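As structure tokens, the structure follows; a few thoughts come after it.
All of the numbers you see were taken from the coordinates with simple rules; none came from a lab. Every value quoted in this text rests on a predicted model; they were computed, and no experiment measured them. Cβ placement follows ideal geometry from the backbone for every residue including glycine, while neighbour counts extend to all protein chains displayed.
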Amino acid sequence: MNERDEFLVGGMVPVRCDCGNRVLVKKNSPQHTSVQWLADTSSCPELCGPRSAFVPTCLRLRDSIEKAVRDGTLEVADG
């Protein structure tokens, strides 16, 4: 893996959202999460659904990431 690819995807772990989307995630600290979508975000019901103007993020994805940390499948680099 070259330096650019390592910067972009190094340490990222696949996480499946409860809505069915799959993303790559890296937790650099408890507060900092990097997310790379593997599919078009238009398939996310929270980001593109009828309430999308009121929802700045996919809450189901956030919950899925937090669950992956609790389960130990996603490590927090700084903690």
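Only one of the values (i) 43; (ii) 34; (iii) 28 was calculated from this structure for percent of Cα pairs over 18 Å apart; name its label. Matching entry in (i) 43; (ii) 34; (iii) 28: (i).
Placing +1 on each Lys and Arg Cβ and -1 on each Asp and Glu Cβ, with no other charges, gives the chain a dipole about its Cα centre of roughly 240 debye.
Taking label positions 7 Å along the Cα-Cβ direction at both Met12 and Leu38, the computed distance is 1.0 nm, reported to one decimal. Got a sec? Charge dipole of the chain, +1 on Cβ for Lys and Arg, -1 for Asp and Glu; which of Ala77, Cys58, Leu24 is way out at the positive end? Of the options given, the answer is Cys58.
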